[in-house]
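Have a look at the structure below before the remarks.
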Amino acid sequence: MRARLRALARVPEHSLPLMTALSGGAPFCIGPYFFLAAEDWLMAVAYPLEGRYADTTFEASLEEALDRTGATACWAIGPSLPSRLAAHIVDRDRYHVLPASADPPQRLRGPVARAAAQLRVTEGTVFTPEHRRLWAEFLGRVQRGEAGSMAPHVAALYARTPEALAEAGGSLRLLDARDGEGRLAACLLLDYAPENFVSYVLGAHSRSHAVPHASDLLFAAMLERARQAGKRFLHLGLGVNEGILRFKRKWGARPSFPYLMAQWTETSRRGSSAARGDGSSAADDGNVIRDLALAFLRAPAEAPKIIDDRPRSRPFAMLWRVEKDGRTSWVGGTAHFFCHSFEPSFRRLFREVDHVLFEGPLDEGFMADVDRAGRTPLPGATPILDMLEEAEICRLERVVRGPEGILARALGLESARKVDVRWFLANARPWCAFFSLWTAFLERQGWRESVDMEAWRVAHAMGKNVVGMESLEEQLDSLGSLPPERVVRFFRACGGWKALSRQNMRAYLAGDLEGMMGSSAEFPTRTEYVISRRDQRFRERMRPYLEEGRCAVFVGSAHMINLRHMLMEDGFSVRQAPFGLLPALRLRLRRFRQSGEDVAW
């Protein structure tokens, strides 16, 4: 089959190394048609290896493939498709090709020559950290709407590039354009497996190390290498969007085969007992397997409707009563991300205070400024992406993004919000990468609340005097001190994030500060600079309000380790005073266990 496909391939999807590497499916041919299948899915390539396409021959091959695989999730691409699939067509386009004998168009020869004077073109099969950074930069522009739109399956091709290169046996190659300092200005992914053509699979150019017409230089080099390899033409793929199509036309590409894609769920053969010959139905087995999987994964097919989507309220236990000269205030330790609400406790607390202090402002404008700064890389800084191995990045993607693919979607396990892990690793400052990916992971666990944001909102709603103790510059200075190595270590330990979050949750709900710090001491933000220096700043700025009384202060829980003792040095009495009977009982029991002394109950 390999030799037949190589000799007779007409479209990029006939490339055995490319398709098996990207899809992970098992390839087979029925008549003149090529198929890929795995688990419960089937992809049919309706471009015949020999002869002309005909509905009758393709229908017969498709029926045999469905019988052979029992697939339910199906795709087909072809120049035409049977009438029964007409209602399931989800994409229409045309392939574009360019003869290998073509020369660069006259108007591009000058720009290509100038680009050649600045860039060196090389070809290889190793996906380096620089390639990862370029891919992430390009996909980030797409995500922000700065480049043309991209279909999900095309984005998936970018994500699978490292694995595809490793599994394709050398037929997939990277064509690179590098400047005088060796920096990657542009790159194309090419497929040399078909005998008659080279396929242009993917491409990207850099804005960080931009060189005019770098992509044009690579197109000229692609033509030259195709001729050297004895290819007859370049397969430039589909039009995709107007920008990409305009670039291909600029080089003289002409339309070739029409392209249709259908996507559907195959159910008819599953319901046919005659096909089984034993009086039972394949659907019965499918339903049993599905039900077992659902039960094992605890993902019911029809989730029961909750009364509303509000998080469950719990009593606020991470709270200390601070007194001096008969004046009372409170200091609370917050969690920036959490899974429960404390609104009733906050309303009860704020009835006793006039001022509510936070680490910094939490209004939309301030948060937008912080986010904007975090997404702007520092000049010359080494991105986190370059500090991680490819296997570590893939593991981090799985942890942050969760289950993906056909089975995950069928079971309702695939997350609707997909954070671009590689973009943050390549472009964001270390602290922003940490917060963004950790938050995305927690959101997938159902942690969609923020303790300090909730307290900020309630305080404003109750008309309190709300104060931010730090400026934007001070907060960014503290965040910028995070050592990248700590962020890298935290990302490498992502396999333990679920257990870590659960430990944090239990300790926080119990008001167990020491237990919480014990379970999260390796958080990147737990550094001497971030904690201790800010502790002194908070101490100085909250003290006038605490001395006046009727004040509530909210700081990250880690700051309470030192602030309790600092405030006692300033003459305040400080004792933990959680809301709720159960947290109060737990606190007394914890004190008893720690001291061994009798506790007044």
R0 of 56 Å, Cβ-Cβ distance residue 481-residue 101: FRET efficiency to nearest 0.05: 0.40
Set of aspartates and glutamates with alpha-carbon distance to residue 498 below 13 Å, sequence-local pairs under 8 removed: 443
Those lysines that a straight Cα-Cα span of less than 28 Å connects to residue 464, excepting residues fewer than 8 apart in one chain: 324
Net charge of Cβ neighbours under 12 Å - reference residue 458; Lys, Arg +1; Asp, Glu -1: +2
Sulfur and carbon atoms: percent of accessible area, region 18-58 [1.4 Å]: 56
Distance from region 430-498 to region 207-237 (C-alpha centre basis), Å: 44
Per residue value of the accessible surface for region 1-55 (all protein chains in place, 1.4 Å probe), Å²: 38
Environment charge at residue 50 (Cβ cut-off 12 Å; Lys +1, Arg +1, Asp -1, Glu -1): +3
Gain upon complete extension [residue 347, residue 163; 0.36 nm per residue less C-alpha separation]: 60.9 nm
Cα-projected label distance for residue 502 with residue 141, points at 7 Å along beta-carbon direction, nm: 4.4
Cα shape, region 42-110, gyration tensor, a/c 1.5 rule: prolate
Contour excess over end-to-end distance, with Cα ends at residue 532 and residue 90 and 0.36 nm allotted per residue: 153.4 nm
Net charge, residue 424 excluded, C-beta distance under 15 Å - Lys, Arg +1, Asp, Glu -1: +4
Efficiency of FRET from Cβ geometry, residue 398 and residue 68, R₀ 35 Å, rounded to 0.05: 0.70
Cα centre as origin, Lys/Arg/Asp/Glu Cβ charges: region 1-103 dipole, Debye: 300
Net length gained if the chain between residue 249 and residue 327 were fully extended (0.36 nm per residue, minus Cα distance): 20.4 nm
Distance in nm between pseudo-label sites at residue 391 and residue 8 (7 Å out along the Cβ direction from Cα): 4.0
Backbone N under 13 Å from the residue 179 label point (7 Å along Cα→Cβ), restricted to region 185-212: 185-186, 206-212
Loop chymotrypsin sites (Phe, Trp or Tyr not before Pro), region 56-155, which have at most 15 other Cβ atoms in a 10 Å radius of their Cβ (DSSP): none
Loop-resident sites, region 416-491, for trypsin sites (Lys or Arg not before Pro), counting at most 12 other Cβ within 10 Å (DSSP): 417
Residue 80/residue 565 FRET efficiency (R0 60 Å; Cβ-Cβ; nearest 0.05): 0.20
Sulfur and carbon atoms: percent of accessible area, region 94-145 [1.4 Å]: 54
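The values are calculated or read from the model by the stated rules, or taken from the named source; none is laboratory data. On a predicted model such as this, the values are computed, not experimentally measured, just so you know. So basically every Cβ, Gly included, is an ideal-geometry build from the backbone, and we count neighbours across all protein chains shown. Accessible surface is based on the protein model in full, side chains and every heavy atom, while ligands, DNA and RNA are left aside. Shrake-Rupley method; radii C 1.70, N 1.55, O 1.52, S 1.80 Å.
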